[in-house]
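So the structure is just underneath, and the comments pick up after that.
The values are calculated or read from the model by the stated rules, or taken from the named source; none is laboratory data. Note that this is a predicted model, so its numbers are computed, not measured. Neighbour counts run over all protein chains shown; Cβ positions are idealised from the backbone, glycine included. Please note that ligands, DNA and RNA were not included when accessible areas were found on the heavy atoms of the full protein model with its side chains. Shrake-Rupley method; radii C 1.70, N 1.55, O 1.52, S 1.80 Å.
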Amino acid sequence: MNIEHWTDLAACKGVDPELFYPVSVAGPAQIQVEEAKRVCAGCPVTADCLNWALRAGEPAGIWGGTTPDERRYLRLKPLPAAPAWH
Ligand code: SF4
C-alpha cells in the first residue's frame with residue numbers, strides 16, 4: 001500500500017459520507033452520531049483527523065470522533081504540535 005497522506009488510512013473510506021453529517025446531534029440523529037463515532041473509534045488516524053479538523057475550524061460533521069460542539073470545546077485549549085507529515 002502506498003501511503004502518502006493520513007487520509008489514505010481513513011476507516012471511513014468507502015462509508016457513506018452522509019453518516020458523518022447528521023442533521024443534529026440530538027434526538028434520532030444521536031443514533032447516527034454514535035454510529036459515525038464507532039467508525040472513528042476503529043480508525044488508525046483519528047488523531048490526525050481531529051488535528052486537521054481543529055486547525056481547519058471544520059464547522060460541521062463528525063471528524064476524529066468529535067461533533068462540532070465537542071471541537072468548539074477543544075478549540076478553547078492550546079493545540080498540540082502538528083504531526084510531522086503535515
Ligand atoms: S477519524 Fe473518523 S472521520 Fe476521521 S478519517 Fe477516521 S473514520 Fe474518517
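So, Asn2, is that one in contact with an Asp or Glu (Cβ under 9 Å, 6 or more places away or on another chain) and either in a loop (DSSP other than H, G, I, E, B) or open to solvent by less than 40 Å² (accessible area, probe 1.4 Å) (or both) or not? Give the steps one after another, and end with the answer.
Values: in contact with an Asp or Glu (Cβ under 9 Å, 6 or more places away or on another chain): yes; either in a loop (DSSP other than H, G, I, E, B) or open to solvent by less than 40 Å² (accessible area, probe 1.4 Å) (or both): yes.
Criteria met by Asn2.
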Selected residue (criterion: nearest to Ala41 (Cα to Cα)) from residues of the stretch 9-25 that are more than 8 Å from the ligand (Cβ to nearest atom) and open to solvent by less than 50 Å² (accessible area, probe 1.4 Å): Leu19
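Taking Lys37 as the residue in question, decide whether it is charged (D, E, K, R) and under 11 Å from the mean Cα position of the chain (by Cα). So that I can check it myself, show each step before the final result.
Working: charged (D, E, K, R): yes; under 11 Å from the mean Cα position of the chain (by Cα): yes.
Judged against the criteria, Lys37 is a match.
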Inter-residue pairs, beta-carbon under 7 Å, first within 17 Å of Ala53 (Cα to Cα) and in the stretch 1-20, second aromatic (Phe, Trp, Tyr) and buried (at least 16 other Cβ atoms within 10 Å of the Cβ), 6+ apart: Cys12/Phe20
Subset of the stretch 45-60 that is more than 8 Å from the ligand (Cβ to nearest atom) and outside any helix (DSSP H, G or I) - its residue that is most open to solvent (accessible area, probe 1.4 Å): Pro59
